[in-house]
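This report concerns only the one structure given below.
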Amino acid sequence: QEKKIFSVQGPYPVIRSLLRARGWVERKFPSIGRGGGRPEQQHSSQKEQLQEEEEGKEEEGSDGDGPVPDPVTTVPQSCLVRDQVPYFIWTNRCSVVDCRRLQHDQVLNHYTGAGAFTTKEGLCLNLRNLSWFEQADPNTFFPRCYRLGSVDEWEAFIEDFHLTAARNLLKMALERAGDTPGGTEQPLKCSEGPGEHSHVPHPMPSTVGLGAPLPPQLVEEALQICGQHLGSLEHQDIDRNSPSPCMTSTDWHRFLQDYYRVVHEGAGLVLSGAQRERCQALLQRLAEQLPQLSMEGDHNVWILKPGAKSRGRGIVCTARLEELLRLVGGCPTSLACTGEWVVQKYVERPLLIFGTKFDIRQWFLVTNWNPLTIWFYRESYLRFCSQPFSLHRLGPARHLCNVSIQKQCKPAQGRHPQLPPDQIWSSRQLQAYLAQVGQADTWHQVMVPGMKAAVVGALRSAQDLVESRKGSFELYGADFLFGEDCQPWLLEINASPTMAPSSAVTSRLCARVQRDTLRVVIDHKDNPACPTGAFELIYKE
């Protein structure tokens with residue numbers, strides 16, 4: 001009569017325990033809205049039920065909302081409601097339930113159409129429309145990205161790679177000459193340790209570099225390329241079809257080979273005094289037009305992601321165009337068979353802690369799409385790489401922070417003793433570290449506001465594509481990387497973020513975010529005065 005019947009599909013013992021502590025009874029998960037299914041799909045065994053309950057006790061610890069009910073008594077209760085409608089449904093993927101067949105008073109933890117921002121292709125495509133919804137530029141928080149299954153975007157990516165190489169050549173010439181490239185200053189330095197971001201500056205000679213100098217016209221050619229690109233950005237070349245000089249594919253191939261020699265082999269560059277001044281001025285003006293000029297570094301590293309995989313599977317970092325095109329099959333028409341690929345500019349100047357790269361998993365909750373209502377979680381956790389950061393070695397141990405990737409990697413010898421052995425920190429530990437390096441206010445003044453703005457922007461750009469069902473909610477996990485200046489860069493947004501206790505930190509925080517999710521969607525819904533835990537309402541239309 002009180003409609004306190006729930007169904008859970010997947011390994012969520014904390015949700016089960018919390019609901020039972022509220023007096024709810026579980027109906028074993030059937031194929032809800034799918035017209036039945038095989039018996040082994042419709043009913044889990046009592047052994048599996050007991051095992052999940054034991055996992056729930058271990059996961060939840062002291063963070064639950066009361067005592068955990070005895071699983072021996074809850075299984076018979078579940079049998080009593082096996083023919084009843086569950087009014088709270090929690091699954092690990094949206095496709096399990098047909099939302100069209102749910103009653104209006106059934107609550108589901110998913111929205112149909114959320115793939116518009118929880119898939120790599122969807123986020124890449126829809127963030128480009130953000131300017132239609134609010135005055136925000138996605139290039140300030142989302143590394144530029146291309147879907148290689150589209151011929152137009154394939155060509156745009158190759159053009160971007162070429163232009164980035166030309167800019168990087170100018171940056172490298174200035175850095176090796178002992179100058180800081182114009183527009184690339186980093187006013188807020190938070191990292192320390194042996195990590196590397198750029199080349200060590202050298203005194204100004206007539207020839208800069210370690211190896212034999214390349215032809216003098218290489219820098220001049222890069223200046224011309226960047227100058228014409230700047231003209232297109234400033235709308236000075238309305239009559240031109242391309243922002244690049246009239247270079248053939250052969251010209252670009254030669255230019256890239258020379259660029260690779262400079263970046264990877266230490267070849268020298270001839271830089272005149274006049275060219276030095278032009279490089280400074282040109283990069284300064286480009287910085288005013290390109291928000292990503294600083295974070296993109298000078299190695300032209302891109303990260304290639306298969307569109308249909310998760311947990312870091314199939315992701316590759318590369319700094320050579322030919323290698324990237326070979327990995328995806330050579331041309332966009334072949335991608336129809338091999339699957340969708342997304343290529344994204346790699347953040348070459350990340351914030352490092354003791355020379356090591358990390359990213360952050362930040363939860364947020366949507367309880368309505370019309371009006372859009374977003375709750376931001378005040379707790380989050382960091383995921384470290386197991387090897388020190390280096391742009392000269394692009395393997396996953398140094399560059400991919402996913403837990404499933406790093407657990408297969410061996411920690412570096414001589415690893416800093418303050419780095420966590422399980423590769424996980426809480427956001428509170430990050431705040432303590434920032435205070436130690438003199439940046440105590442950075443978390444609340446730079447990092448959190450930037451993450452909130454990115455989340456709101458991503459959801460607003462996809463709002464019209466998500467089905468607004470009043471009885472639904474959804475918890476998401478956004479992955480962010482911080483630049484050297486501590487500004488956050490959104491990498492991706494995950495539906496059904498993992499709640500597996502991979503460490504002491506995640507065991508505690510995952511239990512808490514599940515507890516606080518129920519506080520928002522059940523308790524606060526019935527009584528707005530109820531506490532919402534660590535969830536903060538950050539946006540409501």
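Exposure check, 1.4 Å probe, all protein chains in place: Arg393 carries approximately 140 Å² of accessible surface. Along its principal axes, region 334-480 has C-alpha extents of 53, 48, 24 angstrom, given from the largest down.
A 1.4 Å probe run over region 453-541, with the rest of the protein chains in place, finds 35 Å² accessible per residue. Given their separation in residues at 0.36 nm each and the Cα-Cα distance between them, Gln284 and Arg378 gain 30.1 nm when the chain is fully extended. Region 495-510 and region 95-111 have Cα centres separated by 25 Å. Between Asn368 and Thr373, the built amide H atoms are under 5 Å apart, and every one of these is 5 or more places off in sequence or on another chain.
Karplus-derived 3J(HN,Hα) values for region 280-285, using 6.51 cos²θ - 1.76 cosθ + 1.60 with θ = phi - 60°, are 4, 5, 5, 5, 5, 5 Hz; glycine and proline are entered as x. Taking each residue as 0.36 nm, the span from Gln445 to Gln224 lengthens on full extension beyond its C-alpha to C-alpha distance by 75.6 nm. Computed from phi, the 3J(HN,Hα) profile of region 522-534 under the Karplus parametrisation 6.51, -1.76, 1.60 (θ = phi - 60°) reads 10, 5, 5, 5, 7, 9, x, 7, 5, x, 10, x, 8 Hz, with x in place of Gly and Pro. Just so you know, the Rg over Rh for region 76-165 is 1.22, from Cα atoms, with Rh as the Kirkwood radius. Residues whose amide H lies under 5 Å from that of Tyr539, counting only those 5 or more places away or on a different chain, are Ile374; hydrogens are built 1.01 Å from N in the peptide plane. Computed from backbone phi with θ = phi - 60° and the Karplus coefficients 6.51, -1.76 and 1.60, the 3J(HN,Hα) list for region 94-109 is 5, 5, 5, 10, 8, 4, 5, 9, 7, 6, 5, 9, 8, 9, 10, 8 Hz; x is used for glycine and proline.
Taking amide hydrogens as placed 1.01 Å from N in the peptide plane, the amide H of Trp489 sits under 5 Å from those of Leu481, Phe482, Gly483, each at least 5 positions away in sequence or on another chain.
The values are calculated or read from the model by the stated rules, or taken from the named source; none is laboratory data. Since we're looking at a predicted model, the values are computed, not measured. Heavy atoms of the whole protein, side chains included, go into the accessibility calculation; ligands, DNA and RNA do not. Shrake-Rupley method; radii C 1.70, N 1.55, O 1.52, S 1.80 Å.
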